[in-house]
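**Student:** If you scroll down you'll find the structure; I have some questions about it.
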Amino acid sequence: APSAVSRPTMAMERSYIMIKPDGVQRGLVGKIITRFEERGYKLAGLKLKQADEALLKKHYKDLVDKPFFPKLLAYMISGPVVCMAWEGKDVVAMGRKMLGETNPLASAPGTIRGDFCLEVWRNICHGSDSVENADKEIALWFGEAEVVDHESAMQDWIYE
Ligand code: GDP
Ligand code: MG
């Protein structure tokens, strides 16, 4: 195995990716995880959680004044979500591309929303829109001990 000494000390970013209640109920958890795994991203945090209103108001703090917020809240507390922290090169911007557009009908086939859903209220997943927000969202949804620093055995085959 490559030695720890030769390993590049890349400052890897993380994104908060969340499978929404419809994605969980439709049995899409494995497929969505697989996409990030196969791309080469590393899982740093993972859990199933029933969100509540207080948590969602913090998570969607920029949207709380929108007319659609009550509906968004009802959607997001309608069942458990899968919370994930994915780590790797450009994972925030790439995660958004992998998700597709907010409106699934505007999402290209090949994206998660473009392959698995049709409606903005059933758009199955969330992805952080900036590195700064990703850090905030990971800190909001996970306890400190739930996000794990670890080395992937595949790292040197994915990164040069
Ligand atoms: P996202 O970052 O692509 O998830 O989109 P936003 O952060 O703007 O919105 C949060 C979520 O609110 C979306 O993913 C939808 O589930 C829901 N939503 C429903 N209707 C609307 C709408 O008219 N505009 C936006 N932006 N979001 C909507
Ligand atoms: Mg958003």
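All of the numbers you see were taken from the coordinates with simple rules; none came from a lab. Source: prediction; values computed, not measured. Cβ: placed from backbone, ideal geometry, glycine included. Neighbour counts: every protein chain shown.
**Student:** For the range 86-160, run through the trypsin sites (Lys or Arg not before Pro) and keep only the ones in DSSP coil with at most 15 other Cβ atoms within 10 Å of their Cβ.
**Tutor:** Taking the range 86-160 and a limit of 15 other Cβ atoms within 10 Å, the loop trypsin sites (Lys or Arg not before Pro) found are K89.
**Student:** Does anyone have the angle between helix 131-141 and the longest principal axis of the chain? Alpha-carbon axes, 0 to 90°, nearest 10?
**Tutor:** The helix 131-141 is inclined about 70 degrees to the chain.
**Student:** What range in the chain is the longest one free of chymotrypsin sites (Phe, Trp or Tyr not before Pro) that are in a loop by DSSP and have at most 14 other Cβ atoms within 10 angstrom?
**Tutor:** Answer from the scan: 69-158.
**Student:** Taking Cα pairs under 8 Å and at least six residues apart, what relative contact order does the range 3-160 come out at, in percent?
**Tutor:** 35 percent
**Student:** I'd like the orientation of helix 29-39 relative to the chain: the angle between its Cα long axis and the longest Cα principal axis, in ° from 0 to 90, rounded to 10.
**Tutor:** 40 degrees
**Student:** Could you grab the relative contact order for the range 43-134? Cα pairs under 8 Å, six or more apart, rounded to a whole percent.
**Tutor:** Over the range 43-134, the number comes to 26 percent.
**Student:** Given 10 °C and 1.306 mPa s, compute D for the range 99-146 with the Stokes-Einstein relation, Rh being the Kirkwood radius over Cα pairs; round to the nearest whole µm²/s.
**Tutor:** The estimated diffusion coefficient comes to 134 µm²/s.
**Student:** Separation between the Q155 and E119 pseudo-spin-labels, each 7 Å from Cα along Cα→Cβ, expressed in nm?
**Tutor:** Placing both labels 7 Å along Cα→Cβ, they lie 4.4 nm apart.
**Student:** Please arrange M18, M154 by how many other C-beta atoms lie within 10 Å of their C-beta, fewest to most.
**Tutor:** The order, fewest Cβ neighbours first, is M154, M18.
**Student:** Follow-up. Mind putting a number on the dipole of the chain about its Cα centre? Charges go on the C-beta only, +1 for Lys and Arg and -1 for Asp and Glu, and I need it in Debye to the nearest 20.
**Tutor:** Charge dipole, the chain, about its Cα centre: 500 debye, nearest 20.
**Student:** Could you tell me the largest-minus-smallest coordinate of the C-alpha atoms of the range 64-139 on each of the three principal axes, in descending order and whole angstroms?
**Tutor:** Cα extents, longest axis first: 34, 31, 23 Å.
**Student:** List the extent of the Cα atoms of the chain along each of their three principal axes, largest first, rounded to whole Å.
**Tutor:** Reported extents, whole Å, longest axis first: 53, 34, 25.
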